[in-house]
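Beneath this line is the structure, given in C-alpha cells, with notes to follow.
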Amino acid sequence: MLQRAQPRVENPRYGQLIIGPPGSGKTTYCNEAYKFYRELGRQVGVVNLDPGNENMSYEPVINVMELITVGDAMEHLKLGPNGALMHCAEYLEQHIDDWLLPALRKLSATHNYFLFDCPGQIELYTHHEAMAHVFERLEQERYSLVTVNLIDSHYCSEPSKFIATLLMALNTMLRMSLPHVNVLSKADLLRKHEAKLHFNVDYYTDVLDLKYLLEKLDDDPTMRKHRKLNEAICSMVEDYALVSFKLLDAFSTDSMLRLRNHIDKANGYVYKAGEEQTVNSLLACAVGAETEALRQQHDIEPYTQRQ
C-alpha cells in the first residue's frame, strides 16, 4: 500500500477512486460502501464516472452518463466499445473544469466524502492518460484521494493469472502516483476454490517469494517456454516490493471495517475527527498495531475456514 503525506486543509474532502477489471465488483462495492459509510455518519456520496454503467444499484449524486455515454460515442463516432470508452474518458477530461468540478462544488455543503465508481477498462489506468489527469485535477482541488483497486480473488487459483494481476497492479500503482490499496474482492468465495490454491491465502495477500509460483508455472508446457519472461516480471514485482492485497467480502460489516482502516490511513481520514475517538484506537489504526495472530484471525481465517 502506497501512502503520501497530505497537507492539512480546512474542511477537507476525501475520495476513494474505485478501479479494477470488469466483473471485479466495483459497483457492488460502491453500493455497499455507501450504506456502510452512511451508517458511520459520514457525509458520503457516490459519483459514477463509468459512461457504460447502466446497472447501478445506487443513486449517484453525480452521473457522467448525463454528460456522455458509451452508446452515444459508438453511435455518433462509429467506434467499438473499447474505443468509445476511451473517447468518453477523454471527453470527461476535457470537461472536468466546466462539468465535474462545478457539480462537486455544489455538493460541498452536504458531502465531504466521495466514492468515485470508475470505468472497468484496465487500459485506462495502465496505458491511457485521461483518467490519471482527472485524478490529478481532483488532487489539485485538495481532495485527499486513495485508489482502491478491486481484483477478483479467483485469480489466485491460477498462477499465470495471478502473475498478470501483480504486473497490472504494479503498473497502475506507479502510473496513478496516488495512495493505493489493492483489494482481492469476493473473498467470501475463496472457500469454493480454496482447493485450487497452491499455497495458503496469505501467500497471495502478502505476495511472498514468487519463485514458488514460477515453479508451478513450469507444470504448464505453454507457460514453460515463457519462463524467462515470467522470471523477469516476478523479479520486477519483488524489486519494487509495493504490491500486497487486502481481502474483502463487501457484504460483511467486519470485512468492510477492516478495509476502512487501511483506506483511512491511506487517504488521511484517520487523522481527522471522525469515528476514531480515543488516542489508543487512533494510534492502532495509524501504525497497524496488531499481532500476526490477530491479523490472521481477522484478515485470513474468515475467508478460508468452513462455516
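A Förster radius of 25 Å, combined with the Cβ-Cβ distance separating Gln140 from Leu242, puts the computed FRET efficiency at roughly 0.55.
Put a plus charge on the Cβ of each Lys and Arg, a minus charge on the Cβ of each Asp and Glu, and nothing anywhere else: the dipole of the chain about its Cα centre is then about 280 debye.
Relative to the current alpha-carbon distance between Phe199 and Lys161, full extension at 0.36 nm per residue lengthens the span by 12.2 nm.
In this simple spin-label model, placing a label point 7 Å from the Cα along the Cα-to-Cβ direction at both Lys216 and Leu174 gives a separation of 2.4 nm. Projecting the Cα atoms of Ser244, Met168, Ile19 onto the dipole axis of the chain, where Lys and Arg carry +1 and Asp and Glu carry -1 at the beta carbon, places Ser244 farthest toward the positive end. Where Lys and Arg each count +1 and Asp and Glu each count -1, what net charge lies around Lys186 among other residues with Cβ under 9 Å from its Cβ? Result for the local shell: -3.
The label point for Asp98 and the one for Gln43, both projected 7 Å from the Cα toward the Cβ, are 2.9 nm apart. Full extension of the chain between Lys192 and Ser252 gives 19.9 nm of extra length, using 0.36 nm per residue less the Cα-Cα distance. Between Ala84, Leu150, Tyr204, the Cα set farthest toward the positive side of the dipole of the chain (charges on each charged residue's Cβ, about the Cα centre) is that of Tyr204. Entry comment: accessible area of the range 1-108 is 52 Å² per residue, from protein heavy atoms only and a probe of 1.4 Å.
Taken along the Cα-to-beta-carbon direction at a fixed 7 Å, the label points for Ser235 and Glu123 span 3.0 nm. The mean sequence distance of close C-alpha pairs (under 8 Å, at least 6 residues apart), as a share of the length of the chain, puts its relative contact order at 24 percent. Annotation: extensible slack from Glu75 through Ser108 equals 8.3 nm (criterion: 0.36 nm per residue apart, minus Cα-Cα distance).
Rolling a 1.4 Å probe over the protein heavy atoms leaves Lys265 with an accessible area of roughly 30 Å².
The values are calculated or read from the model by the stated rules, or taken from the named source; none is laboratory data. Worth saying up front: this structure is predicted, and the values here are computed from it rather than measured. Counting neighbours? That spans all protein chains shown, and the Cβs are built from the backbone with ideal geometry, glycine included. Note: areas computed on protein heavy atoms with side chains; ligands, DNA, RNA excluded. Shrake-Rupley method; radii C 1.70, N 1.55, O 1.52, S 1.80 Å.
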